[in-house]
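Undergrad: Dumping the structure here so I can ask a few things about it.
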Amino acid sequence: MSTQTVSGSKGLLQKEELIFDIGTTETTGVDLPEPKGRKDRLGGLKRQDGTGLPGLSEPQAMRHYVRLSQKNYAIDLGLFPLGSCTMKHNPRLNEKVARMPGFADIHPLQPQQTVQGAMEVIEQLEDWLKKLTGMPAVAMSPKAGAHGEWCGMAAIRAALIDRGEVETRTRVLVPASAHGTNPATAVQCGFKVQEIAAATDGRVDLNDLKAKLEGDTSDVAGIMLTNPNTCGLFERDIKEIADLIHEAGGYFYCDGANFNAIVGRVRPRDLGVDAMHINLHKTFSTPHGGGGPGAGPTVLSERLAKYAPYPVMTVDKRDGDYKLIYVDDEAELAGTDLKPLGRMCAFHGQMGMFTRALTYMLSHGADGLKQVAEDAVLNANYIQARLKSVMSPAFEGYCMHEALFSDAFLKDSGIETVDIAKGMIDEGYHPMTVYFPLVVHGAMLIEPTETESKAELDRFCDSLESVAIKAKSGDEALKSAPYLAPMRRLDETLAARKPVLRWTSEMSQTAQ
Ligand SMILES: *Cc1c(COP(=O)(O)O)cnc(C)c1O
């Protein structure tokens, strides 16, 4: 059966050209009368040529964007197995609450007395985050996980400045399996990164860590560790690691992106953590991907709490009013020991995400959140168990919230991890995370999350199993997959390294 059509469309999906190729600069979708008798007030600044933007009718514009949206895979379409991303269902209740006019129609420049309800939402969310992590303070303004890492490391830097040790304590230890944002953040904050090796069981190599903390530790600023780590495993020695880093005079930054696996079960403060970001868009179901805003509140221990950035939330003792204190109101902090490290962004953070996250927490309750972690871990272990006879689990034993496979089962087949990923596209699934973490050869990292039913997990496993069996048998056809997607194999490296972000007329009809 040929998969080619004359139109380029497939099934009920229409082929779509670039918007510049559909519309022309000569046409327009609106019909306005020529302005009469109005004096041009732009003088010499008047535009001499056209804008170059294509004119489209309303149905043309509508169809263009709807067709593009159909080419997008979404969590509302199916299981999204991307490991390390926690692509869970975004409950519609969250959306409903976030769209209530009292939340949706307010502006950050409004007088604070008129937005007390919104500020109470921030305070309640702060309270939940502090309780769930056991931490005394939280900075709400960071707008993503990586931004939260920056906040936490900047707090550590502020503490070192206070101790008069910022010039000497410059070494930050980062495990080999870390998310790329960790070393990037450390460097961005002026630290030097030292890598800690991974042990054969996928966890931090404690002996390597001890060796790196032997002798003079006066240059140690801290450690950045993910727990559960990016191999989907709980760091068993985490208490000992925390003690070692504290004895060396450093701080423990925990990357909390994988909090979904332990929320309600483990309090990071009890593990000795000093700072940790929480991705609301992962653990607390606010939408992510596709350019939506994230939110990365960062919890801080007693040792770092006073360096939390502006704005600082206070409650007026006299009238019970909430107040956000910004840099300009610094005087109001007189008499406290607060020393904000500065400001992370304009205003207070992502209000729409705060509203969604708090709705999610309140609708689950404390017991429900605990069950989230349990079900997320159960689902990942179900996938690992179902696929382990066909594929190669990267490590022995149970996993946490994600199942990690290596490409060992593809040995001598001529097929690689990337071919399996492309084969999954033909099966109707967004591929899992591939080639990450780097410590596992040809890694395939699958995080189903707790929101998938057993039936859905089975459907996914049936597909992946069939692709894996084809791969093992050396089925050459996989090397050219996907066959059914609107686009086949693209040069992803070129697209990442040399993205073409600007359309020029020479590109017309050639960008296929
Ligand atoms: C997602 C993730 C991050 C970064 O979070 P963003 O919100 O994408 O900036 C950092 N570390 C780990 C382990 C992650 O999974």
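The values are calculated or read from the model by the stated rules, or taken from the named source; none is laboratory data. Because the structure is a prediction, the values reported are computed rather than measured. All Cβ positions, glycine included, derive from the backbone under ideal geometry; neighbour counts span all protein chains shown. Each accessible area value is taken on the protein alone, full model and side chains, heavy atoms only, with ligands, DNA and RNA left out. Shrake-Rupley method; radii C 1.70, N 1.55, O 1.52, S 1.80 Å.
Undergrad: For an R0 of 22 angstrom, estimate the FRET efficiency from the Cβ-Cβ distance between LEU501 and GLN48 and round to the nearest 0.05.
TA: Details: r = 25 Å, r/R0 = 1.14.
Taking R0 as 22 Å, the efficiency between LEU501 and GLN48 is 0.30.
Undergrad: May I pose another question? Cα-based Rg (one decimal) and Dmax (whole number) for region 92-357, in Å?
TA: Rg then Dmax for region 92-357, in Å: 18.7, 60.
Undergrad: Determine, from the Cβ-Cβ distance of ALA385 and LEU109 and an R0 of 60 Å, the FRET efficiency 1/(1 + (r/R0)^6), rounded to the nearest 0.05.
TA: Numbers: r = 54 Å, r/R0 = 0.90.
The formula returns an efficiency of 0.65 here.
Undergrad: Take every Cα pair under 8 Å in region 92-357 that's 6+ residues apart, average their separations, divide by the length, and report that relative contact order as a whole percent. Write down the numbers at each step before the final one.
TA: Numbers: 486 pairs, mean separation 72.6, N = 266.
With pairs under 8 Å counted, the relative contact order is 27 percent.
Undergrad: Here's something else I'd like to know. If you take every residue apart from PHE395 with its C-beta less than 15 Å away from the C-beta of PHE395, what net charge results, scoring Lys and Arg +1 and Asp and Glu -1? Let's see the in-between values first.
TA: On the way: positive: ARG203, ARG236, LYS388; negative: ASP201, ASP205, GLU235, GLU396, GLU402, ASP407.
Local charge sum for PHE395: -3.
Undergrad: Suppose each label sits 7 Å from its Cα in the direction of the beta carbon; what would the ASP243-VAL30 distance come out to in nanometres?
TA: Label at ASP243, label at VAL30, 7.0 nm between them.
Undergrad: Just grab the label-to-label distance for ASP319 and HIS441, each label 7 Å out from Cα along the Cβ direction, in nm (one decimal).
TA: 6.9 nm
Undergrad: While we're on this one: Would you kindly find the accessible area of LYS10, with a 1.4 Å probe and non-protein molecules such as ligands, DNA and RNA excluded, rounding to the nearest 10 Å²?
TA: Result for LYS10: roughly 60 Å² accessible.
Undergrad: Do you know the Lys pair count in region 360-512 for C-alpha distances under 29 Å, with sequence separation 8 or more or different chains?
TA: Lysine pair count for region 360-512: 21.
Undergrad: Can you tell me the FRET efficiency between ASP367 and SER69 if r is taken as the Cβ-Cβ distance and R0 is 35 Å, rounded to the nearest 0.05?
TA: That pair, ASP367 with SER69, gives E of 0.40.
Undergrad: State the Cα centre-to-centre distance between region 129-197 and region 40-84 in whole Å.
TA: When both Cα centres are located, 38 Å separates them.
Undergrad: If you only keep lysine pairs separated by 8 or more in sequence, or across chains, how many in region 92-357 come under 17 Å at the Cα atoms?
TA: On the way: LYS130/LYS306; LYS143/LYS282; LYS192/LYS212; LYS210/LYS239; LYS306/LYS339.
Counting lysine pairs in region 92-357 gives 5.
Undergrad: Next question. Report the charge-dipole magnitude of the chain in Debye, nearest 20, computed about the Cα centre from +1 at each Lys and Arg Cβ and -1 at each Asp and Glu Cβ. Provide the component values of the computation, followed by the final result.
TA: On the way: 55 positive and 67 negative charges, 218 e Å.
Here the size comes out at about 1040 debye.
Undergrad: Scan the chain and note any complete DSSP helix (H) whose C-alpha atoms cover at least 20 Å along its axis and whose Kyte-Doolittle average is -0.5 or more.
TA: Details: long enough: 116-133 (25 Å, -0.39); 145-162 (26 Å, 0.52); 351-387 (41 Å, 0.12); 454-472 (26 Å, -0.25).
Taking the DSSP H segments of the chain (at least 20 Å long, mean hydropathy at least -0.5), we get 116-133, 145-162, 351-387, 454-472.
Undergrad: Sequence gap at least 6, Cα distance under 8 Å: using those rules, report the relative contact order of region 371-497 to the nearest whole percent.
TA: Values: 195 pairs, mean separation 36.6, N = 127.
Taking the mean separation of contacting Cα pairs over the length of region 371-497, I get 29 percent.
Undergrad: Right, another one. If PHE347, PHE259 are ordered by their accessible area, calculated over protein heavy atoms with a 1.4 Å probe, which sequence runs from highest to lowest? Could you put the intermediate results ahead of the total?
TA: Numbers: PHE347 65, PHE259 0 Å².
Correct descending sequence by accessible area is PHE347, PHE259.
Undergrad: Another question, then. Projected onto the charge dipole of the chain (+1 at Lys/Arg Cβ, -1 at Asp/Glu Cβ, origin at the Cα centre), which of PHE284, ALA158, ALA376 gives the Cα projection farthest towards the positive end?
TA: PHE284
Undergrad: Per residue, how much accessible area does the chain have with a 1.4 Å probe, in Å²? List each step's numbers first, then the result.
TA: Working: 26020 Å² over 512 residues.
So the chain comes to 51 Å² accessible per residue, rounded to a whole number.
Undergrad: So what J values fall out for region 393-407 if you push phi through Karplus, 6.51 cos²θ - 1.76 cosθ + 1.60 with θ = phi - 60°, rounded to Hz, Gly and Pro as x?
TA: In residue order, the calculated couplings are x, 5, 9, 7, x, 6, 10, 8, 8, 9, 9, 10, 10, 9, 8 Hz.
Undergrad: Calculate I(q)/I(0) for the chain by the Debye formula, one identical point scatterer on each C-alpha and no solvent, and give its log10 at q = 0.10, 0.13 Å⁻¹ to two decimals.
TA: -0.92, -1.31
Undergrad: Between HIS89, ILE196, MET224, whose Cα lies farthest towards the positive end of the dipole of the chain when Lys and Arg beta carbons carry +1 and Asp and Glu beta carbons carry -1, centred on the Cα centre?
TA: Most positive-ward Cα: HIS89.
Undergrad: Using label points projected 7 Å from each Cα along Cα→Cβ, tell me how many nm separate VAL6 and PHE347, to one decimal.
TA: It is 5.3 nm.
Undergrad: In whole percent, how big is the carbon plus sulfur part of the accessible area of the chain, probe 1.4 Å, protein atoms only?
TA: Working: 14100 of 26020 Å².
The computed percentage sits at 54.
Undergrad: Roughly what % of DSSP beta bridges within the chain run antiparallel, to the nearest 5?
TA: Details: 21 of 38 bridges.
Roughly 55 percent of the DSSP beta bridges within the chain come out antiparallel.
Undergrad: Calculate for the chain the 222 nm mean residue ellipticity that helices alone would give, adding -39,500 (n - 2.57) per DSSP H run of length 4 or more and normalising by residue count, nearest 500 deg cm²/dmol.
TA: Details: 14 runs with 165 residues, N = 512.
The per-residue figure over the chain is -10000 deg cm²/dmol.
Undergrad: Can you give me the relative contact order of the chain as a percent, contacts being Cα pairs under 8 Å and 6 or more apart? Kindly include the intermediate steps, with their values, before the conclusion.
TA: Details: 875 pairs, mean separation 91.8, N = 512.
Answer for the chain is 18 percent.
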